[in-house]
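These notes concern the structure reproduced below.
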Amino acid sequence: MATHIIANSTKDISLIDEMDVSLIKQTMDKIAVFQAVVQQTLRREHDYGVIPGTLKPTLLKPGGEKICMMLGVNPEYEMMDHVQDYERGFFAYIIRCTLKKGTKNVAQGLGNCNSYEKKYRWINSDYIPAGIESEKVRQFIDKYGRLKYKIPNPDPWDLSNTILKIAKKRAFIDAVLQVASLSEIFTQDLEEMQDFIKQEELISAELMPPKEAAAIKINFGKYKNRTLKEIYKEDPKYFEWIALNSKDEMIKKACEVMKEAAQIKEVQE
């Protein structure tokens, strides 16, 4: 055992002895320069996103494609494994992405996705539909102070193509992050979650009734943790400011719904 460890250590030392330190330094310098160029070139919210509470920005697919163009590499995909169970509504894919420059393999990445991931297995609902067993329902309070329910996705069969695309995208980003040590400045895995949250909020906003809009709580400013209804009554000018300046589309939509409801009430009266 001791002889084996010594032998391995000797091989490691031999590899280091064979290295040209000056060439290594040149390579590391080039990597640093390329990383700086990438950071200066990519655009926030288009090529990469920043999610509060995370340490690194998330590389998005358009950003990965720009990096591939800079390097002159092209992605090729291979399906490593998959499950398509239409009876249970379960789909899973494992994809390998290879970045190639001509015939040379530059980097490889793996990505997988399945329909049991919570963002695909569950959907948000304002109520519990008839026929849904209570033990299969999860309730939660969203960031606007509203009671919501997570219910099993009633149409998992529609997800097959979406699951495949997400697996391919994850494999692609995984491969790109291995080029020039870009994992030092970017991460992955959060892009589709960010998109999913935005989509859920936009759908919810379009269907929002006035009563629900009035109950939304503000999480900033001097009226933090107060509802829009309370602000509307106590400080109409500040309410108008929120309606015009809030960067939260859900809150802007709620203000719009409340103002429309108030106008209808005035006409009826």
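Matching residues to (1) among the small types (Gly, Ala, Ser); (2) in the same structural domain as PRO57 (by TED's automatic domain parsing); (3) at pLDDT below 90:
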| residue | (1), (2), (3) |
| --- | --- |
| LEU164 | no, yes, no |
| ALA171 | yes, yes, no |
| VAL179 | no, yes, yes |
| GLU192 | no, yes, yes |
Quiz item: Out of (1) in contact with a Leu (Cβ under 7 Å, 6 or more places away or on another chain); (2) at pLDDT 95 or above, the odd one out for TYR77 is which?
Solution: (1)
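Being over 21 Å from the mean Cα position of the chain (by Cα), assigned to a loop (DSSP other than H, G, I, E, B) and either surrounded by fewer than 13 Cβ atoms within 10 Å (Cβ to Cβ) or in the same structural domain as ARG226 (by TED's automatic domain parsing) (or both) is the requirement here; does GLY145 meet it? Spell out how you get there, then give the answer.
On the way: over 21 Å from the mean Cα position of the chain (by Cα): yes; assigned to a loop (DSSP other than H, G, I, E, B): yes; either surrounded by fewer than 13 Cβ atoms within 10 Å (Cβ to Cβ) or in the same structural domain as ARG226 (by TED's automatic domain parsing) (or both): no.
Spelling it out, it is not the case that GLY145 is over 21 Å from the mean Cα position of the chain (by Cα), assigned to a loop (DSSP other than H, G, I, E, B) and either surrounded by fewer than 13 Cβ atoms within 10 Å (Cβ to Cβ) or in the same structural domain as ARG226 (by TED's automatic domain parsing) (or both).
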Quiz item: Which is out of contact with any Cys (no Cβ under 8 Å at 6 or more places or on another chain), assigned to a strand (DSSP E or B) and surrounded by 16 or more Cβ atoms within 10 Å (Cβ to Cβ), of CYS97, CYS68?
Solution: CYS97
Quiz item: What's the number of the condition GLU78 fails, among (1) more than 18 Å from VAL179 (Cβ to Cβ); (2) in contact (Cβ under 8 Å) with a residue 40 or more places away in the chain; (3) in a strand (DSSP E or B); (4) not aliphatic (A, V, I, L, M)?
Solution: (2)
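Would you check which residues across the range 100-125 are in contact with a Leu (Cβ under 6 Å, 6 or more places away or on another chain) and not in a loop (DSSP other than H, G, I, E, B) and list them?
So in the range 100-125, the residues in contact with a Leu (Cβ under 6 Å, 6 or more places away or on another chain) come out as 106-107, 115, 120.
Selection gives VAL106, ALA107, TYR120.
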Self-check item: Number of the condition not met by PRO62 [criteria: (1) closer than 12 Å to ALA167 by Cα; (2) in contact with an Asp or Glu (Cβ under 7 Å, 6 or more places away or on another chain); (3) surrounded by fewer than 18 Cβ atoms within 10 Å (Cβ to Cβ); (4) of a type outside the set (Lys, Arg)]
Solution: (1)
Self-check item: Tally of residues being among the β-branched types (Val, Ile, Thr) and surrounded by fewer than 18 Cβ atoms within 10 Å (Cβ to Cβ) across the range 71-93
Solution: 1
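Just a yes or no: is a residue in the range 134-144 touching a residue at least 40 places away in the same chain (Cβ under 8 Å) and closer than 28 Å to PRO75 by Cβ? Walk me through how you get there before you give the answer.
Just the residues of the range 134-144 that are touching a residue at least 40 places away in the same chain (Cβ under 8 Å), to begin with: 143-144.
Cutting the leftovers down to closer than 28 Å to PRO75 by Cβ gives us none.
The answer is no, given that none of the residues of the range 134-144 is touching a residue at least 40 places away in the same chain (Cβ under 8 Å) and closer than 28 Å to PRO75 by Cβ.
With farther than 27 Å from ASP248 by Cα and either among the charged types (D, E, K, R) or buried (at least 17 other Cβ atoms within 10 Å of the Cβ) (or both) as the only criterion, which of PRO152, PRO156 stands out?
Within the list PRO152, PRO156, the selection yields PRO156.
The values are calculated or read from the model by the stated rules, or taken from the named source; none is laboratory data. Here the structure is a predicted model, which means the values were calculated and not measured. Cβ atoms come from the backbone with ideal geometry, glycine included; neighbour counts cover every protein chain shown.
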